[in-house]
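For reference, the structure is listed below as C-alpha cells.
The values are calculated or read from the model by the stated rules, or taken from the named source; none is laboratory data. A quick note: this is a predicted structure, and the numbers were derived from the prediction, not measured. No Cβ is skipped: glycine too gets one built from the backbone with ideal geometry, and neighbour counts run over all protein chains shown. Protein only, heavy atoms only, side chains kept; ligands, DNA and RNA dropped before computing areas. Shrake-Rupley method; radii C 1.70, N 1.55, O 1.52, S 1.80 Å.
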Amino acid sequence: MKAALCLATALITTPVWAQPASPALDVALARTPNTGKAKNIILFIGDGMGINSVTAGRIMAGQARGQDGASYRLTFETLPYSAFSKTYSADKFVTDSANGISAITTGVKTINGAIGVDATVTSKACALRATHIPTIAEQAKRMGKSAGVVTTSGITDATPAGAYGHTSTRGWRSDSELPADAAKSGCVDLARQMVEAAEDVRMDVVLGGDLARFQTVADGGKRKDQDLTKVWAAQAKAQVVTGKSALSAVDANNTSKLLGLFAEGDLPSVVDHKNQTEVPNLADMTAKAIEVLSNDPDGFFLLVESAAIDKWHHQNNAYRALTDVDELDKAVQVALSKTDARDTLIIVTADHSHGLTQSAGSTREEPIMGLARNRGVNEPDKNGKGRTVLAYASGPSALGPHDHDLTQDEALAPDFKQPTLVPLSSAQHTGEDVPVYASGPQAHLISGTVESTFLYDVMNYAMSMK
C-alpha cells in the first residue's frame, strides 16, 4: 500500500512534460564569473548597431552561410554576459556618435558633437583644458599599457576620436576644417591632437581612413600646415602604411608605433573591396593591431569600430550596413583567437541605434533583404504592391503611394535602399537602448539596463583594481 502511494505521489510531482536541461542551460549553470584584473581591454563599437541591426544582421549572416538565419548566432552573441545601455546625451534624447563614444570612454555624458569633455562646453568654442576628461585609452597609457584605435571610418571621425580627442566640435578634424577664429583662439584639430599628443598618452596603433586629413594640399591632402604622417614616422620604431599589402608586411615585433591610412576619407564598404584590393578589412586591421600592442608586457587598450553600419544606415542601404555587422563579428572572432579570455575584457556594444525595422510577413526561408513573402508568394501592402521586410523610420529613400511595384530582384540588389517613412537627406539616429555583450575579467558586472557611462566604470575598475 505504501509503495503504491509513493508511486502515485511521484507521478503527481513529476510533470509528464518535463524535459532534460538544454545545453545552453548547462553552460549557464557552469559559468563562473572572472573576478580578476584585466591586462587587456578591447572595446568593440558597432556604430549605429541597435538591437534591430543585430537581429537583422544575424539573420543575413546566417542566410549567407546557407543556414537558418533566425536561429543563427553571431560570435559576439555567444559572449556570456549582456545588458542594455542608455545612450542619451547631456542635451538630447537621441545622441550622436560624439557623445555616444565619449560617454563610454570617459564616464561622462557631454553634449552632442563634443568628445572627451564635460557638459559645460559650448559647441564651436574652444574646449578649455579644465573641461577635458581623460579617456580610458589615455588612462591605460599612463598606467604603462599600450593603446590603439581601429576603424573603417576616417580616424578623426567621432568614434575613433573618442580614444584620444578633446573637442567641443567633432567636425574640427583637420586644420582646413577649423574656422579661423577657432584657430586663433588656440583650438587644435583632431588629427593634430592625435599625432602631437604628449608621449604618455599618445596612441601606439591607429588604423583606418583619413589620409587626406594628415597630408598637405601640395601632396593631395587637406592640410595647410604640415604633413602629419612625417611627424608620426619620426618616432622611434614607427611606420606609416597606406595599403593592405604594406599592413600585412609590418613586422609587429619590430614596430611600436603604427599608423595606417587606407583611404582619403572613410574606407569603402567591404561589399566594394573587390574593386579596391589594397583596402584591408576590419578583421585584418584588428589582427595587426593586437599583434603590435601585445608586445607590451603590461597589456593594452584597443578600440575597434565598425563604422559602416552607421554610415550605410544613414543612406537606407541595409545590405551594406548589415554586411558590416558580420564584419564586426569577424573582428571579434579575431580578438578572441588572439587573446586570453582569462586576462582580456572584451565588450561589444553600440554608441546609438538607427531606425531600422523588421516587419511581419516573411516565412523563415525567405531572404531577410527581400520582399515580405510567404513561401515564395508576395505579402503585399494594402495597395497590392510589394513591400520589403526591412524599412527605415527616416532617410533619403522615401517611397510614396504612387511609386512602382517593387520586385524581389530590386530588393535583393546590394545598392537597393529600403523605403522610409519620413523623407530626409540622411536617416536619423534613434534613442532606444542598445545591447552590450561582454566576456573576460569583470564582465559579469555588465547586466540589466545601465547608463552608457557605466561601461567606462567597468573598464576602469577591471584595469585598475589591485
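Annotation note: GluC sites (Glu not before Pro) in the stretch 151-204 located in DSSP loop regions with a Cβ neighbour count of at most 11 within 10 Å are Glu199.
By its C-alpha gyration tensor, with a ≥ b ≥ c as the square roots of the eigenvalues, how is the chain shaped: rounded for a/c under 1.5, else prolate for a/b larger than b/c, else oblate?
oblate
When the Cα centres of the stretch 162-197 and the stretch 280-326 are compared, how far apart do they sit, in Å? Measuring centre to centre over Cα atoms gives 24 Å.
When peptides 22-35, 433-446 are ranked by their average number of other Cβ atoms within 10 Å per residue, the highest-first order is 433-446, 22-35.
Tell me whether the stretch 25-121 comes out rounded, prolate or oblate; compute the Cα gyration tensor, take square roots of the eigenvalues as a ≥ b ≥ c, and use a/c under 1.5 as the rounded threshold. The shape class here is oblate. Starting from the Cα gyration tensor of the stretch 234-385, take the square roots of the eigenvalues, sort them a ≥ b ≥ c, and report rounded, prolate or oblate (rounded when a/c is under 1.5, otherwise prolate if a/b is larger than b/c, else oblate). Judged from the Cα gyration tensor, the stretch 234-385 comes out prolate (a/c at least 1.5, a/b above b/c).
Peptide packing: for 76-83, 231-238, the average count of neighbouring Cβ atoms within 10 Å per residue gives the ranking 76-83, 231-238, highest mean first. The residues of the chain have, on average, 42 Å² of accessible surface per residue, using a 1.4 Å probe with all protein chains present.
The protection proxy used here, the mean number of other Cβ atoms lying within 10 Å of each residue, ranks peptides 278-290, 449-461 as follows, highest first: 278-290, 449-461. Each helix, a run of at least 4 DSSP H residues, gives -39500 (n - 2.57); summed and divided by the residues of the chain, these come to -8000 deg cm²/dmol at 222 nm. So which of Lys92/Lys338; Lys92/Lys230; Lys39/Lys124; Lys39/Lys330 end up more than 31 Å apart by C-alpha? Correct reply: Lys92/Lys338; Lys92/Lys230; Lys39/Lys124.
Dipole magnitude for the chain: about 820 debye, using +1 per Lys or Arg Cβ and -1 per Asp or Glu Cβ, origin at the Cα centre.
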